[in-house]
Amino acid sequence: MCIRNFVKEFNNKNIVYVIIGSSQSGKTTFLKHLADITRKYVDLIDPALRVMANEEPVLFLQRYAPPVLVDNIQYAPDLVPVIKDYVLHNGKPGDFWLIAPKEYAEKLSTIFAELGDKFACLELCGLSSAEIDGRESTPFVPEMGALAGRMQNAVPHDVVEIYERIWRGDKPAMYNEGADWQSYYARLVQDILQRDIRNFVQLNDEMKFYRFLCAAASQTAKLLNYAVMAKETGISIPTAKQWLGILEKMGLVYLLQPAAFDGVKYVVKTPKLYFTDTGLAAYLLRWNTADALEMGAMSAEFFETWVIGEVYKSYAAAGEKAPLYYYRNFNGKEIELLILQNGVLYPCVIAKSAQPQKMYKRFNIVNPAFAACADVQIAGGSVICLAPEFGTDAKNILYIPAWMI
């Protein structure tokens, strides 16, 4: 089911529906497009409306009676409990659509917990490759039946097209005609430094946080290493931990957790760091064209980052928590992606290659590591790569073109 259908489903049974996401992921445009003419729209970025919402929340709800779409609800903390009280006594399905940054999801979920199934929260990520292609998106599972279904509406892309998307990133504005990549990301970074970060910490030196952003971008698809980022930025390790936590709350980075299940052997327990928007990472590291990025020293890391992001979005679009992990042993051998579905663990290697050779050897570390995990069944291996077509080899390893995610 696509995210549009999930919104319609939630609207028919939930009274309060919250959509969260990182900055400029298209939350407002998406919901305004789905709203009918009876739904009022109010944006609390307007100071006058913000004052009314906080000082006279009951009056505010009289002025903007449901059904209503309230944007930037985080600016009116005094309005939120009034909405909850209204829902408990008078609410009807679809009354309230609320938009908030990703970092406010936990706070809003806590406040509205009393509403039970009258409340729903869904994450809107940036554009996925499936959305850009105009095809239906379902949670990615590297299983033959599911992959056969994906082939029905897949749109093949070559390496040039894929790296163009990696370089452009996932912000909807970057796919408008005439979009200026350099200017767009320059404004986005300025907003992060001068507006968004100030919700978490007071900065004496904006440029130091900018250098931290660049240092974090340089670590995409690598083991999380606070010491490296701290050294490159000139800050302490505790500060690096604090600042990376802020980036994670804002949805700018994603920490892929190790598959450190009970019984797993030889596992490195450090998360891996990924930027959620490859376009932003490319801008911070000054890869100013898609060709330069594809031919550059971090080409493979950006491809891996993009693949992880696309798989994550396939689950988020279905309203599901992404069951994603990775595995690395003490000898540095790694399986870049593990997907756990219904007790079955699907190991996936991510390779920037159109002709990956003898990949079955990469999977030799899996069975010894997970042999003691009685509740987990190990599926055959898959390689997500730049092969032009889907196929298998003599060892039954699946070779999945990245454009099938």
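It is to be established whether one or more residues within segment 210-228 are touching a Gly at 6+ places or on another chain (Cβ under 8 Å) and either of a type outside the set (A, V, I, L, M) or in a loop (DSSP other than H, G, I, E, B) (or both).
Yes, some residue in segment 210-228 is touching a Gly at 6+ places or on another chain (Cβ under 8 Å) and either of a type outside the set (A, V, I, L, M) or in a loop (DSSP other than H, G, I, E, B) (or both).
Among LEU88, LEU69, LEU108, which is in a helix (DSSP H, G or I), of a type in the set (A, V, I, L, M) and in contact with a strand residue (DSSP E or B) (Cβ under 6 Å, 6 or more places away or on another chain)?
Just one listed residue meets the conditions, LEU108.
Starting from residues that are in a loop (DSSP other than H, G, I, E, B) and among the acidic types (Asp, Glu), keep the ones in segment 28-49 and report whichever is most open to solvent (accessible area, probe 1.4 Å). Before the answer, list the steps.
Taking segment 28-49 and keeping what is in a loop (DSSP other than H, G, I, E, B), we get 35-39, 44-46.
Adding the requirement that they be among the acidic types (Asp, Glu) leaves 36, 46.
Values: ASP36: 93, ASP46: 64 Å².
So, considering only residues that are in a loop (DSSP other than H, G, I, E, B) and among the acidic types (Asp, Glu), the one most open to solvent (accessible area, probe 1.4 Å) is ASP36.
For the list (1) free of Cβ contacts under 8 Å to residues at least 40 places away in the same chain; (2) surrounded by fewer than 20 Cβ atoms within 10 Å (Cβ to Cβ); (3) closer than 22 Å to LYS32 by Cα, I need the number of the one condition that ALA173 fails.
Going through the list (1) free of Cβ contacts under 8 Å to residues at least 40 places away in the same chain; (2) surrounded by fewer than 20 Cβ atoms within 10 Å (Cβ to Cβ); (3) closer than 22 Å to LYS32 by Cα, ALA173 breaks only (1).
Quick check on this structure: which one of VAL307, VAL366, VAL383 is in contact (Cβ under 8 Å) with a residue 24 or more places away in the chain, of a type outside the set (Lys, Arg), open to solvent by less than 20 Å² (accessible area, probe 1.4 Å) and outside any helix (DSSP H, G or I)? Please lay out each step first, then the result.
Numbers: VAL307 fails: outside any helix (DSSP H, G or I); VAL366 fails: outside any helix (DSSP H, G or I).
Matching residue, one of VAL307, VAL366, VAL383: VAL383.
Given (1) in a helix (DSSP H, G or I); (2) open to solvent by less than 20 Å² (accessible area, probe 1.4 Å); (3) among the small types (Gly, Ala, Ser), identify the lone condition not met by SER25.
All conditions are met except number (1).
List pairs: first in segment 106-124 and hydroxyl-bearing (Ser, Thr, Tyr), second surrounded by 13 or more Cβ atoms within 10 Å (Cβ to Cβ), Cβ under 6 Å, 6+ apart or cross-chain?
Filtered contacts from segment 106-124: SER109/CYS121.
Which one is farthest from GLN74 (Cα to Cα), of the residues in segment 35-53 that are of a type outside the set (A, V, I, L, M) and within 31 Å of the chain's Cα centre (by Cα)?
So the residue we want is ASP36.
Out of the residues in segment 369-379 meeting the condition of being touching an Asp or Glu at 6+ places or on another chain (Cβ under 9 Å) and surrounded by 13 or more Cβ atoms within 10 Å (Cβ to Cβ), tell me which one is farthest from PRO258 (Cα to Cα).
That would be ALA379.
Mind checking whether some residue in segment 250-264 is touching a residue at least 12 places away in the same chain (Cβ under 8 Å), under 23 Å from TYR184 (Cβ atoms), part of a strand (DSSP E or B) and open to solvent by less than 40 Å² (accessible area, probe 1.4 Å)?
yes
Checking the structure you have, find out if any residue of segment 75-92 is open to solvent by 70 Å² or more (accessible area, probe 1.4 Å) and under 30 Å from TRP243 (Cβ atoms).
Yes, because at least one residue in segment 75-92 is open to solvent by 70 Å² or more (accessible area, probe 1.4 Å) and under 30 Å from TRP243 (Cβ atoms).
Which ones in segment 142-201 are of a type in the set (A, V, I, L, M, F, W, C), under 25 Å from PHE212 (Cα atoms) and assigned to a loop (DSSP other than H, G, I, E, B)?
PHE200, VAL201 - these are the residues of segment 142-201 that are of a type in the set (A, V, I, L, M, F, W, C), under 25 Å from PHE212 (Cα atoms) and assigned to a loop (DSSP other than H, G, I, E, B).
Using the structure shown, decide if CYS348 is part of a strand (DSSP E or B) and of a type outside the set (S, T, N, Q).
Yes; evaluated as a whole, the condition is true for this residue.
Which of (1) open to solvent by less than 30 Å² (accessible area, probe 1.4 Å); (2) closer than 29 Å to ALA105 by Cβ does LYS269 not meet, given it meets every other one?
(1)
Of the residues in segment 277-312, how many are touching a helix residue (DSSP H, G or I) at 6+ places or on another chain (Cβ under 6 Å), hydroxyl-bearing (Ser, Thr, Tyr) and within 29 Å of THR138 (Cβ to Cβ)?
Going through segment 277-312 one residue at a time, the tally reaches 2.
Looking at (1) among the β-branched types (Val, Ile, Thr); (2) outside any helix (DSSP H, G or I); (3) more than 17 Å from the chain's Cα centre (by Cα), which is the only condition THR138 fails?
(3)
Which of the following residues is within 15 Å of LYS118 (Cα to Cα), in contact (Cβ under 8 Å) with a residue 60 or more places away in the chain and within 31 Å of the chain's Cα centre (by Cα): PHE30, PHE96?
Of the residues listed, the single one that is within 15 Å of LYS118 (Cα to Cα), in contact (Cβ under 8 Å) with a residue 60 or more places away in the chain and within 31 Å of the chain's Cα centre (by Cα) is PHE96.
Out of all the residues in segment 154-170, which are more than 21 Å from the chain's Cα centre (by Cα) and either open to solvent by less than 60 Å² (accessible area, probe 1.4 Å) or of a type in the set (Lys, Arg) (or both)?
Within segment 154-170, ALA154, VAL155, HIS157, VAL159 meet the criteria.
The values are calculated or read from the model by the stated rules, or taken from the named source; none is laboratory data. Predicted model, so just to flag it, every value in this text is computed and none were measured. Heads up, the Cβs are rebuilt from the backbone with ideal geometry, glycines too, and the neighbour counts pull from every protein chain shown. Remember, those area values only see protein heavy atoms, side chains included, never the ligands or the DNA or RNA. Shrake-Rupley method; radii C 1.70, N 1.55, O 1.52, S 1.80 Å.
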